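The structure under discussion appears below in the form of structure tokens.
The values are calculated or read from the model by the stated rules, or taken from the named source; none is laboratory data. These numbers come from a predicted model, not from an experiment. So basically every Cβ, Gly included, is an ideal-geometry build from the backbone, and we count neighbours across all protein chains shown. Each accessible area value is taken on the protein alone, full model and side chains, heavy atoms only, with ligands, DNA and RNA left out. Shrake-Rupley method; radii C 1.70, N 1.55, O 1.52, S 1.80 Å.
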Amino acid sequence: MTKKVHPYIPNTVPEVQNQMLKEIGAESIMELYSCIPEELQLKEDMKIPEALTEYGLRRHIEGLLSKNISTNEYLNFLGAGCWQHFVPAVCDEVNQRSEFLTAYAGEPYEDHGRFQALFEYQSLVAELVDMDVVNVPTFDWGQAASTSIRMAARITGKKKVLLAKTVSPERAKIITNYGSPELEFEFIGFDKDSGLLDLADLKNKADGNTAAIYFENPSYLGFIESQGTEISEIAKAHGVILVVGVDPISLGVLAPPSHYGADIVCGDLQPLGMHMNFSGGQAGFIATRDEEKFIHEYPSRLFGIIPTVKEGEYGFGDVAYERTSFALREKGKESVGTQTALWGITAGVYLSLLGPNGMYELGQTIMQNSQYCVKKLNKISGVKGSLFTSPFFKEFIIDFNETGLSVETINARLREKKIFGGKDLSQEFPEFGQSALYCVTEVHTREDLDRLIEAIEEIVSN
């Protein structure tokens, strides 16, 4: 097959490609994609149609988009990593300002308050998680967790990483992919009744070769991990760095991971003022103590405040810029490109708007709503409102096994009633059978919850 040279795509000249492949010791370009899982590989032609006119293309795209159904039209109980929370209008008003409207962190010569806005964001998140240092946001929670774990591996010089089996399977794939091939990953089991981490399994697997232990609280499956102190003690006994992923909106009512021994805290900023954007409104954060060993392992930018040459005046800028891949280029510990700085500014606006009391009231409202929903669901014959015995925050697993219906069927019938049901867990956690992960937040009114409960009761009783 003749190779085509594209004038606007670099390195398509066969001789150049062959020279590059020889330099890195690869036989072919396809060898570079060998790590991509089989199920993600396209095995057929792409069937790219003839080019359309600009007007024709617009009509085609708008026709595709019109098939989407948003949460403005349907009542929504989906979560699992992208949650429906109320977004105050001021968040959109500020993040749409021209001096902020970019994903990049910016440079001093074109900064019009962005550095200060990011410094304020870092300060607010640091206060929320009770840590000292917070980075400019990464792409999402998956990248934040992956980078946190790689930071731990560089600090300890060890290769083994222990992951809770209740970590989001999608996030676990990102973590293992990001850590491969240097790091080795093992999963820690959990108690089938409570969902809590199996401490005996953790003790058996944690040793002197372990770099990090990673779990999430609240977990992907909704329950609150109440053994944080015990997990931390096991980690400290072996010199292991404890990394904890957290939903930041829960911290108005739950203790931050730093209070039970976490060395690195990470999570997703999406609940803090970001629209779901068809699952595209994600941004991850990383937080640590103000210790040199942690700061020098951050690959992403950090902003600080410092006096200028003019007395009484202060400026905002990069902290330890020389440690980043921007300064070190190919010798950097990790490569960092575009960052979701705009979402950091948005989260800063959200946190400054709510304040400590607002976050507390918000957390209380969410927990009251979710508890009410589960209590009502438990009254439906054949339905168990919460699979686990442990307390939960905004997400919980509904057990439909005794109804004789699949989650797929229940969700299809809910959609007929203009309701998005919970995420079907039968593929990710087949041991739960026909169970679904539901999410209830502050956006749900008592009438919304009653509507869901009545709909489920009608479906399972017919």
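See the values below:
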quantity: Residue within segment 378-385 that is open to solvent by less than 20 Å² (accessible area, probe 1.4 Å), outside any loop (DSSP other than H, G, I, E, B) and either among the polar types (S, T, N, Q) or modelled with pLDDT of 95 or more (or both) present; calculated: no
quantity: Those residues of segment 41-71 which are among the basic types (Lys, Arg) and surrounded by 10 or more Cβ atoms within 10 Å (Cβ to Cβ), in sequence order; calculated: Arg58, Arg59
quantity: Residue that is most open to solvent (accessible area, probe 1.4 Å), among those in segment 321-344 that are of a type in the set (Gly, Ala, Ser) and in a loop (DSSP other than H, G, I, E, B); calculated: Ser335
quantity: In segment 148-188, residue nearest to Cys266 (Cα to Cα) [restricted to those that are in a loop (DSSP other than H, G, I, E, B) and in contact with a Leu (Cβ under 8 Å, 6 or more places away or on another chain)]; calculated: Thr166
quantity: Test: Glu27 is closer than 30 Å to Pro181 by Cα, open to solvent by 100 Å² or more (accessible area, probe 1.4 Å) and either among the charged types (D, E, K, R) or modelled with pLDDT of 95 or more (or both); calculated: yes
quantity: Index of the failed condition, Leu351 passing every other in (1) on the phi < 0 side of the Ramachandran plot; (2) without any contact (Cβ under 8 Å) to a residue 12 or more places away in the chain; calculated: (2)
quantity: Odd one out for Glu361, checked against (1) modelled with pLDDT of 95 or more; (2) open to solvent by 70 Å² or more (accessible area, probe 1.4 Å); (3) of a type in the set (D, E, K, R); (4) over 24 Å from the mean Cα position of the chain (by Cα); calculated: (4)
quantity: Residue list for segment 398-427, filter: open to solvent by 10 Å² or more (accessible area, probe 1.4 Å), in contact with a Leu (Cβ under 9 Å, 6 or more places away or on another chain) and either in a helix (DSSP H, G or I) or touching a residue at least 60 places away in the same chain (Cβ under 8 Å) (or both); calculated: Arg413, Lys418, Phe420, Lys423
quantity: Top-ranked residue of segment 139-154 - restricted to ones that are farther than 9 Å from Ile175 by Cβ and of a type outside the set (A, V, I, L, M, F, W, C), ranked as most open to solvent (accessible area, probe 1.4 Å); calculated: Arg154
quantity: Pairs where the first residue, in segment 443-462, is more than 15 Å from Leu78 (Cα to Cα) and the second is surrounded by 13 or more Cβ atoms within 10 Å (Cβ to Cβ) and among the small types (Gly, Ala, Ser), C-beta under 6 Å, 6+ apart; calculated: Val460/Gly382
quantity: Residues (open to solvent by 50 Å² or more (accessible area, probe 1.4 Å) and among the polar types (S, T, N, Q)) located in segment 84-122; calculated: Gln96, Ser98, Gln116
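Conditions (1) crowded, with 22+ Cβ neighbours inside 10 Å; (2) touching a residue at least 24 places away in the same chain (Cβ under 8 Å); (3) charged (D, E, K, R); (4) out of contact with any Gly (no Cβ under 8 Å at 6 or more places or on another chain), marked per residue:
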residue	(1), (2), (3), (4)
Gly208	no, yes, no, no
Gln227	no, yes, no, yes
Ser232	no, yes, no, no
Val243	yes, yes, no, yes
Val246	yes, yes, no, no
Tyr260	no, yes, no, no
